[in-house]
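The structure appears right after this line, and notes come after that.
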Amino acid sequence: MKLIDYGVRDDERKYIEEWSKENDIEVKIVQELLTPETVELANGFDGIVAYQQLPYDPVVFDKMNEYGIHVISLRNVGVDNVPFDALRKNDIKLTNVPSYSPEAIAEYSVTGLMALLRNLKHMIRKVDNHDFEWAPDIGRELNQLTVGVAGTGRIGRAAIKIYEGFGAKVIAFDKYRNDELDKRGMYVDTLDELLKQSDVVTLHLPSLGKGNTVINAKTIAEMKDDAIVVNTGRGDLINTQDLYDAIGNGKLYGAVMDVYENEVGIFNTDVSDQELEDKLLEKLIKSPRIILTPHIAFYTTKAVKNMATISLNSMIDELKTGTSSNEIDIEK
Ligand code: COI
């Protein structure tokens with residue numbers, strides 16, 4: 001059995017090499033992303049493992065079929081950049097890593113929120129300029145706030161545990177309720193209700209498809225004054241211009257954005273020698289009330305190791321048994 005792993009970063013390499021040795025299975029590691037130009041590197045291999053933010057081109061799956069490869073295993077959770085119709089057409093199975101470390105993302109959401117509540121971005125900028133004054137950066141305490149968790153999957157539930165530890169009041173919304181949280185009476189009936197009651201709205205939802213935003217001018221109008229939005233899910237859950245405007249005009253207090261609707265091609269690249277073409281991104285960076293980071297909530301040693309190894313294990317399950325517990329239902 002021979003596998004090929006695409007888009008491998010330096011920080012992932014050692015985990016893949018260790019797995020390969022332990023399992024005595026050849027894994028060719030390539031840095032290139034999986035594109036119509038690079039897919040031919042997979043000719044002769046039994047399965048493709050990949051990670052990229054760039055959309056997967058349907059042509060890649062036609063080529064895979066031509067080479068007799070019928071499984072692609074992703075090292076991440078989100079599958080919003082995969083064209084399912086191309087998979088179906090070419091009889092290709094897809095797996096992801098649904099749970100590499102929910103705690104990594106949950107912890108980061110709280111980290112970003114705490115930084116915002118204590119105005120750390122502004123304070124650090126001031127201190128860098130030898131301005132040691134306290135005002136106007138008086139903080140707010142999490143234990144006095146109502147945190148609304150949108151999405152109570154693994155990440156949302158991990159976040160709830162942490163928020164409760166801080167003494168915040170937690171409410172939640174999900175189309176599919178978790179029994180335990182339901183018994184504890186944590187759920188509100190609608191997303192609107194969650195937005196209305198929360199001082200902090202934290203998004204732990206997958207992408208709802210282009211144009212289907214949760215946070216936009218209309219929903220922001222329903223939110224509490226001085227509320228905060230935390231997003232470590234997907235950038236397209238938010239109309240960013242609307243959010244920026246609402247922070248600028250004082251309706252909202254601020255936001256933690258680890259994801260951004262136009263992040264692909266920019267996040268995880270170093271363009272420090274260039275001017276940003278994206279003027280909205282430039283404004284977000286400048287705002288003292290927006291904690292913007294380049295999609296790093298997942299980026300911990302535990303998560304990266306799990307992404308590298310679980311994706312390979314799923315691939316082996318698929319190739320040996322024809323299925324895997326991490327197989328995605330592509331008929332939906
Ligand atoms: C995912 O797993 O889908 C993420 O969003 C994290 C990614 C940047 C590796």
* Based on other C-beta atoms within 10 Å, arrange ILE228, ILE138 from fewest to most. => ILE138, ILE228
* Most mobile listed residue (ALA115, ALA106, ALA255) in the chain, GNM with C-alpha springs under 10 Å -> ALA115
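Excluding GLU327 itself, calculate the net charge of residues whose Cβ lies under 10 Å from the Cβ of GLU327, where each Lys or Arg counts +1 and each Asp or Glu counts -1.
Values: positive: LYS93; negative: ASP317, GLU318, ASP329.
After counting each charged neighbour, the total is -2.
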* Asked: Listing SER20, SER314 from the residue with the fewest other Cβ atoms within 10 Å to the one with the most, what is the order?
  -> SER20, SER314
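Which of rounded, prolate, oblate describes region 164-316, given a ≥ b ≥ c as roots of the alpha-carbon gyration tensor eigenvalues and a/c under 1.5 marking rounded, otherwise prolate only if a/b is larger than b/c?
Details: a/c = 1.91, a/b = 1.06, b/c = 1.80.
It comes out oblate by the Cα gyration axes.
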* **Per DSSP, loop GluC sites (Glu not before Pro) in region 283-332 with at most 11 further Cβ within 10 Å** => GLU331
* Just ALA104, ALA150, ALA168 to compare: in a GNM of the chain, with alpha carbon springs under 10 Å, which one fluctuates most? -> ALA168
* For the cross-link pairs LYS126/LYS224; LYS224/LYS302; LYS175/LYS332, which exceed 27 Å when the distance is taken from alpha carbon to alpha carbon? -> LYS126/LYS224; LYS224/LYS302
* Once you have a ≥ b ≥ c as the square roots of the Cα gyration tensor eigenvalues for region 137-245, tell me rounded if a/c is under 1.5, and otherwise prolate or oblate according to whether a/b is larger than b/c. => oblate
* State the volume of the convex hull built on the alpha-carbon positions of the chain, expressed per residue in Å³ and rounded to an integer. => 155
* Structure fact -> In region 175-314 the DSSP beta bridges are antiparallel at a rate, in percent to nearest 5, of 0
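Calculate the all-directions average of the projected area of region 1-48's alpha-carbon convex hull, and give it in nm².
Working: hull surface 12.3 nm².
The number I arrive at for region 1-48 is 3.1 nm².
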* Asked: When the Cα centres of region 163-200 and region 67-82 are compared, how far apart do they sit, in Å?
  -> 33
* Asked: For region 40-157, what is the per residue volume of the convex hull drawn over the alpha-carbon atoms, in cubic angstrom?
  -> 161
* Karplus 3J(HN,Hα) series, Hz, for region 84-90 with 6.51 cos²θ - 1.76 cosθ + 1.60 (x for Gly, Pro) -> 4, 4, 5, 5, 4, 4, 9
* Share antiparallel - DSSP beta bridges, the chain, percent rounded to 5 -> 5
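Roughly what % antiparallel, to the nearest 5, for the DSSP beta bridges in region 145-237? If you can, show how the numbers build up before the last one.
Numbers: 0 of 14 bridges.
Around 0 percent antiparallel, to the nearest 5.
With a cut-off of at most 16 other beta carbons within 10 Å, and DSSP calling the residue loop, which GluC sites (Glu not before Pro) in region 1-96 qualify? Please list them.
Numbers: sites: GLU12, GLU17, GLU18, GLU22, GLU26, GLU32, GLU37, GLU40, GLU66; in loops: GLU32, GLU37.
Here the GluC sites (Glu not before Pro) that fit, given the DSSP loop and packing criteria, are GLU32, GLU37.
Rule-based calculations on the coordinates, nothing more; no lab input. No experiment lies behind these values; they were computed from the predicted model shown. Virtual Cβ from ideal backbone geometry, glycine too; neighbours counted across all protein chains shown.
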